[in-house]
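Encoded as structure tokens, the structure appears first; notes follow it.
The values are calculated or read from the model by the stated rules, or taken from the named source; none is laboratory data. What you see is a predicted model; the values in this text were computed from it and never measured. Neighbour counts run over all protein chains shown; Cβ positions are idealised from the backbone, glycine included. Just so you know, the surface numbers come from the protein's heavy atoms only, side chains and all, with ligands and any DNA or RNA stripped out. Shrake-Rupley method; radii C 1.70, N 1.55, O 1.52, S 1.80 Å.
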Amino acid sequence: MSKVLVINPILYTAESNRIPKVDSIKDTMIYTLCLGFLEAGHEVTLLAAKDYRPKKEETYPFPIFWFQTVWHRLFQPRCFPYMPALRKFLKEHQEYDMIVSSEVFATWSYTAARLWPDKTLIWHELAAHNNMLHKMPSRVWYQMVACLLMRRAKVVPRSEAAAAFIRQFMPKVADITIDHGVDLKKFPLPDVRKKADQFVVVSQLIARKQIERTIEVFGDFVRQGNPGYRLCIIGQGEEETRLKGLVQTLELKEQVLFYGQMSHTALTPIVAQSRALLVSTRKDNNMVSIVESIALGTPVVTTPVPYNAAYIRGEDLGIVQDGWGADALVQIVEQNERYVENCVRYREQLSNVACAERFLNYFSRSLS
């Protein structure tokens, strides 16, 4: 049994530095990873920023420490928080066998890499420079801080794109990639033969997700002789009113359904019954909604933007196409059985337990 420390201050995406409060963190990606370590038979502890602590008191099966962030004008809580108490914690707690810290461009990863370089695995997602302040801080960080001061730490990329980027700056990049995992107990495999005539979107309703484009393409698909299909949109955001207006304009009120924000328990059957998850984003990294959809046996139609697109294409788990249109929806319907079978076959590789074990296996191998 190993003792694992996970450092991930940012538990969910915030579009501004006013971090929205949530009722629970139990649907977050990093919580799921921690459960994977626990279920694999190891002890795990999570360190997170206090800004992301949920509104309601929760009980967790592993320790979580909430750290205060400071100097928010310089160290923005939504993307680059600084937790000064972390250094003292890491100095006082030497009992951990492995430290998993999120992102190279991160103050907390720097602290871990400086204090415990041989124990630290940096789980890296970004495949391009951060846009903050015209990319200047990011360029300085990677070319000087990471390259010179963090080089002894090992890096585990979350995608091939992330691996190609970070190899420019860090010498110890793993020969494997580890994507976000899924708690398969929360996503039991349904009867994949019972697919409804519907598609699903699971997303924040914000501009960069380009939901309006998905609605317009779905409208084209409906007008091509598919009036019985529905588009289920799960999520909320500032674009919701405008998107509902678009649905009215396109006369799709009966076919496009807005469900608002939903828990995983509530959204799972909708995703499972859909022919495909539809993604039109113009800017994203690895998308957890894609991983969860595949785990439920639901293929994906996406642009090449999400980093998950590489294995969707490689494993034939859906359609990856720049500017996909109604013809892609026709194809995913006509060949749905094949795509679904591929998702079911790939499902076990997405398990949070399998992800945790890949971390530990790589760490053990790297020490030998």
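Descriptive notes on the structure:
- With the simple model of a label 7 Å out from the Cα in the direction of the Cβ, residue 147 to residue 334 spans 5.1 nm.
- Taking the longest Cα principal axis of the chain as reference, the axis of helix 240-249 is set at about 20 degrees.
- Fraction of accessible area attributable to carbon and sulfur, segment 71-127 (%, probe 1.4 Å): 50
- CD proxy at 222 nm, helix term only [per DSSP H run n ≥ 4: -39500 (n - 2.57); per residue of the chain; nearest 500]: -9500 deg cm²/dmol
- Shape category assigned to segment 225-360 from the gyration tensor of Cα positions, a/c cut at 1.5: prolate
- Violating pairs (Cα-Cα greater than 29 angstrom) within the set 56/244; 186/209; 56/253: 56/244; 56/253
- Of the trypsin sites (Lys or Arg not before Pro) found in segment 254-352, those that fall in a DSSP loop while having at most 13 other beta-carbon atoms within 10 Å are 282, 283.
- Per residue solvent-accessible surface (Å²) - segment 183-241, probe of 1.4 Å: 46
- Computing FRET efficiency as 1/(1 + (r/R0)^6) for residue 322 and residue 70, where r is the C-beta to C-beta distance and R0 is 45 Å, gives about 0.60.
- Equivalent-ellipsoid semi-axes of segment 206-256, from the Cα gyration tensor, Å, largest first: 19, 10, 10
- Accessible area (Å², per residue) of segment 1-148, counting only protein heavy atoms and a probe of 1.4 Å: 47
- Cβ-placed point charges (K, R +1; D, E -1), dipole of the chain about Cα centre in debye, nearest 20: 1220
- Per-selection metrics, segment 21-173 (Cα): Rg and Dmax in Å: 15.6, 44
- For the chain, pairs of C-alpha atoms spaced more than 38 angstrom apart make up 18 percent of the total.
- Nearest 10 degrees, 0 to 90: helix 264-273 Cα axis against the chain principal axis: 50
- By accessible area, using a 1.4 Å probe on protein heavy atoms only, segment 150-282 has 48% of its surface on carbon and sulfur.
- Highest mean first, the peptides 352-363, 74-85 sorted by other C-beta atoms within 10 Å per residue fall in the order 352-363, 74-85.
- Computed over segment 1-92, the ratio Rg/Rh where both radii use C-alpha atoms and Rh is Kirkwood: 0.97
- Under the combined filter of DSSP loop state and at most 12 neighbouring Cβ atoms within 10 Å, segment 31-73 retains these trypsin sites (Lys or Arg not before Pro): 55, 56, 73.
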